[in-house]
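Structure first, commentary second.
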Amino acid sequence: MATKRTPIPWAEAIPAHWNYMPNKYLMYKIKDICPVYNGEDILSLSINGVIVRDLDAGGKMPTSFDGYQRLYPGNLLMCLFDYDVTPRCIGIIKQTGLSSPAYSQFVMKNIAYAGYYYYYYLMLDYTKELLPFAKNMRHSFTEEELGKINAIVPPYNEQIRIADFLDSKCSAIDSAIAAAEQEIEAYQEYKKAVITKAVTKGLDLNVEMKDSGIEYVGLIPTSWDIAPLFQYYGERKDRNSLGYEQNLLSLSYGNVIRKDINTNDGLLPASFNTYNIVQSDDIIIRPTDLQNDKRSLRTGLVTECGIMTSAYIDLMPITDADSRYFHYLLHAYDVMKVFYNMGSGVRQGLNYSEFSRLKVLVPSLSEQRNIADYLDDKCSAVDHNINIKQQTIDTLKEYKKSLIYTYVTGKKEVPADV
């Protein structure tokens, strides 16, 4: 296939019969403001495209939808601000509705097919190719600035063929990804159930039970004690005031992981002198924003000495206890929403004094170890299966990106029999 050169960094060579030109010749922006909200669907630009927003799902909401803009099917919706951090900056509108006027709605001109340019800008969004063109601290574009950037222009009928082909292929990929994600969710629910049962009922199914007196726990083995957490865990406040400790740790998705203290991602402080030094067998609690509890993973078990932000509660064992068991127990409390709305203040936070009064279930030390060993094995097997599914998802996502790039830039032609 004959090709020709272009000045476009992400498409230096395109088929010889294709063209390129500034965006302003392909589309134009409209903004049709709806002065008064009358119950129309509220649309939002998400990682899954332009979707109808669930107004009952919580999250940040404006006091009124008056002044939102009308959206029309077949147009493109773009986020032209915070381009560097916004997960998805492009979507194709498939139904009428209203959206925030902060989004930019574009109507395609007669040489441009919206379906093709959705995939074109999705390709650029994956790698944030337009970032060097963004202006100011918020990495934003005006309509005029976007209009000056060159874009690929295949013949109109080829745009339609490419878009239809990618619709079919990407739909199949998305279905496979969704199936794998559902399997991961099922594994995670199974893991929660196994942990909760083991830390509240024990491993012996034939043991005699008693009422715990705790509504969210119910029956527990008669040999277990119930006590406030402070009888087993104090608060470690060992500041890294001299900055000697450099092993930076972080609480991530319920795990305490290492982080690169020398990273330049801009999210770390200039000094770590106010961080806490944590020790192996400490339990970390993230005690803020308790009202934002859709995915509760607020606990982590420390397995090595390091430093962590002092915004977390660092629980240290003060008597014989298996921290693995107590971590699993507090994790079960977390996913049962026990911490929900326990805190106070604007950010619904807890301090150690408040958290330490939480009632915990206390088997004998040997039983704590048995439960922890059992859960370590069970959770390791489940996590292995989850990792396999996640690798499948990652592979499918990379294949989808490659597929879009290959056909949108003309590296391959759509097969004639499609």
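The values are calculated or read from the model by the stated rules, or taken from the named source; none is laboratory data. The structure presented is a predicted model; accordingly, all values stated were derived computationally and were not measured. Don't worry about glycine lacking a Cβ; one is built from the backbone with ideal geometry, like all the others, and counts go over all protein chains shown. Just so you know, the surface numbers come from the protein's heavy atoms only, side chains and all, with ligands and any DNA or RNA stripped out. Shrake-Rupley method; radii C 1.70, N 1.55, O 1.52, S 1.80 Å.
Across the accessible surface of segment 170-247, with the other protein chains kept in place and a 1.4 Å probe, carbon and sulfur atoms take up 49 percent. Give me the percent relative contact order of segment 167-316, please, defined on Cα pairs under 8 angstrom at least 6 residues apart. The value is 21 percent. Of the residues 19, 85, 118, the one whose Cα sits farthest towards the positive end of the charge dipole of segment 1-125 is 19 (charges of +1 on Lys and Arg Cβ, -1 on Asp and Glu Cβ, taken about the Cα centre).
Calculated from the structure at hand, Rg and Dmax of the Cα atoms in Å is found among (1) 27.0, 81; (2) 20.9, 66; (3) 24.0, 83 as (1). Less than 5 angstrom separates the built amide H of residue 153 from those of 19, 20, 21, all sequence-distant by 5 or more or on a different chain. Placing R0 at 30 angstrom, the Cβ-Cβ distance between residue 303 and residue 274 gives a FRET efficiency of 0.85 after rounding to 0.05. Between segment 214-230 and segment 151-209, the alpha-carbon centres lie 36 Å apart. Of all DSSP bridge pairs formed entirely within the chain, close to 95 percent run antiparallel.
Cα centroid separation, segment 71-131 to segment 373-393: 37 Å. Maximal additional length on extending the residue 366-residue 169 stretch stands at 65.4 nm, based on 0.36 nm per residue less the C-alpha distance.
Rounded to the nearest whole Hz, the Karplus-based 3J(HN,Hα) values (6.51 cos²θ - 1.76 cosθ + 1.60, θ = phi - 60°) of segment 274-287 follow the sequence 8, 6, 8, 7, 10, 10, 4, 6, 6, 10, 9, 10, 8, x, with x at glycine and proline.
A helix-only calculation puts the chain at -10500 deg cm²/dmol for mean residue ellipticity at 222 nm, using -39500 (n - 2.57) for each DSSP H run of at least four residues, averaged over all residues.
At a probe radius of 1.4 angstrom, the accessible area of the chain per residue rounds to 52 square angstrom.
Of the residues 388, 220, 1, the one whose Cα sits farthest towards the positive end of the charge dipole of the chain is 1 (charges of +1 on Lys and Arg Cβ, -1 on Asp and Glu Cβ, taken about the Cα centre).
Karplus-based coupling profile of segment 16-22, in residue order and whole Hz: 4, 8, 7, 10, 8, 6, x, with θ = phi - 60° in 6.51 cos²θ - 1.76 cosθ + 1.60 and x standing for Gly or Pro.
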